[in-house]
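A short reminder: the numbers here are calculations on the coordinates, not readings from a lab. Computed from a prediction, not measured in an experiment: that's the story for all the values here. Using ideal geometry, Cβ is built from the backbone for each residue, glycine included, and neighbour counts are taken over all protein chains shown.
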Amino acid sequence: MPLDTGIRRLAAAAALLAGAAAAPPAAAQTTVTIACSALGIGHQLCREGAEAWAQETGNAVRFVATPKSATDQLALYQQLLAAGSADIDVFQIDVVWPGILGDHFLDLADHIDPAAAGEHLPVLVETATVDGRLVALPWFIDMGLLYYREDLLRRHGRPVPTTWADLEQTARLIRDAERAAGNDRMWGYVWQGRAYEGLTVNALEWIDSFGGGTIVGDDGAVTVNNPQAVEALATAAGWVGTITPQGVLNYTEEEARGAFQSGNAVFMRNWPYAWPLVNGSDSPVKGMVGVAPLPRGGTDGKHTGALGGQMLAVNRMSAVPDAAADLVRHLTGAQEQKRRAMRGGYNPTRPALYEDADLIAVNPVVADLAGALPGAVARPSRQAGQLYNQLSAELYQAVHRVLSGSAEAADALAGLERSLERLNRRSRR
Ligand code: GLC
């Protein structure tokens, strides 16, 4: 997309949404524009939280909705920020973006009580710190989970799968039986297979679950071309068209949730935000769903889940930096994080909230996640820094070719290794 088209689109979206913004109180001092994502009820919760801040402070807020795909969202942000635009003050950013976008954001340590950062999980604060600058504050944390239909497993006498081979077998068995019983739309397993950041996440989970490492090691060396990674990708490619619909090659999180929530899949890989939605009053599978760790690659593989999540950052060009930083302080605060976790399943970045009895009572996934998080696997964004997006694009494109049958896993990974090594050399220059 040409630079100015992207910017115009965002500006137009901002203008459009401005009409629907919280009515500024008579003596409004400042208007802060915030871009928040549209996954699940994320945008609605963002709006409620920001409007509460506006009420409290006498300021006004304006909202910009962003694309659902993380990759499209990043492209728009990059266009806007590279052009030095001040149209958006506060950006919701992915945990893998501080290294890519950090230069465009304010050092929040200059605007917010530094003690505030200390209340969040240290690993996230570390991620948000680029060259000693606190470029964002953590907002919520994500981890990849396996959602399953409890009722169907019970009906067909199958346990929750602990390896991918179990999952494949169970998915096939239940899909066939349900189809024979008349549900010809039934599939086994849905996930995120479009060529975008979400596929990088899924691929990392498959590879790590087979013991194939993390694409790039802690020291920056490219590790992706190994037999376990080949086995992981070949396994996933084998699902497409059998237990997984071909259409998954164009699925992001919301399409996967759509298929699962409408009752047409036995298993789904997704983030915690899907939990309250699949159990919502309008959900056909309400009360029929369980969550578990993603399966292991094999008996010597491991349960894993990618670490995801979002942060809030302030545009360095913002004309209202103090108000913008104050909005970030409010939204990332304990009370607001608790509200978002209870209503929307957006998991807190504040360890203290994982012991909150109200929260655990409403959303049991929060309690499970507290135990699982130490086993989560991070994408190599820290190692790749500004080049992370290129690394991820090389990865999801190579994996997409394998899934769609246009490349063999071994060849694709050998090619990927060469491209990532080229990137590595560029980063050292
Ligand atoms: C979620 C995660 C984010 C990840 C994205 C991939 O938004 O929070 O970390 O990059 O999904 O689609």
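Odds and ends about this structure:
- Taking each residue as 0.36 nm, the span from residue 29 to residue 410 lengthens on full extension beyond its C-alpha to C-alpha distance by 131.2 nm.
- The chain, dipole about Cα centre (Lys/Arg Cβ +1, Asp/Glu Cβ -1), debye to the nearest 20: 780 debye
- Two-site FRET efficiency, residue 113 against residue 250, from Cβ-Cβ distance with R₀ of 60 Å, rounded to 0.05: 0.85
- Table column - 3J(HN,Hα) (Hz), segment 309-325, Karplus curve with 6.51, -1.76, 1.60, x for Gly and Pro: x, 9, 9, 10, 10, 10, 4, 4, 8, 4, 7, 10, x, 5, 5, 4, 5
- Computed from the C-beta positions of residue 103 and residue 425, the FRET efficiency with R₀ = 25 Å rounds to 0.65.
- Computed log10 I(q)/I(0) for segment 267-331 at 0.12, 0.24, 0.26 Å⁻¹: -0.60, -1.01, -1.10, from the Debye equation with unit scatterers placed on every C-alpha and solvent omitted.
- Inter-probe distance in nm under a simple model that places probes 7 Å from Cα toward Cβ, at residue 352 and residue 334: 0.2 nm
- Comparing mean-square fluctuations of 299, 129, 31 from a GNM of the chain with C-alpha springs under 10 Å, the top value falls on 299.
- Cα centroid separation, segment 80-156 to segment 207-282 (Å): 22 Å
- Most to least packed among 90-98, 409-417 [average Cβ atoms within 10 Å]: 90-98, 409-417
- When peptides 315-325, 344-354, 156-166 are ranked by their average number of other Cβ atoms within 10 Å per residue, the highest-first order is 344-354, 315-325, 156-166.
- Histogram of C-alpha separations across the chain, 10 Å bin width, %: 5, 22, 31, 26, 13, 3, 0
- In order along segment 191-203, the phi-based Karplus estimate (6.51 cos²θ - 1.76 cosθ + 1.60, θ = phi - 60°) of 3J(HN,Hα) comes to 7, 10, x, 5, 6, 7, 3, x, 6, 4, 4, 4, 5 Hz; Gly and Pro are listed as x.
- Distant-in-sequence amide H partners of residue 31 (H built 1.01 Å from N, under 5 Å): 60
- Couplings for segment 67-76, taken from phi via the Karplus curve 6.51 cos²θ - 1.76 cosθ + 1.60 with θ = phi - 60°, read x, 6, 7, 4, 5, 5, 4, 4, 4, 5 Hz in order; Gly and Pro are left as x.
- Ordered from longest to shortest, the equivalent ellipsoid semi-axes for segment 305-395 are 26, 23, 9 Å, each the square root of 5 times a Cα gyration tensor eigenvalue.
- Kirkwood hydrodynamic radius computed over segment 168-244 comes to 13.9 Å, based on all pairs of distinct alpha carbons.
- Per-pair calculated FRET efficiency, R0 = 25 Å: residue 38 and residue 85 via Cβ, rounded to 0.05: 0.75
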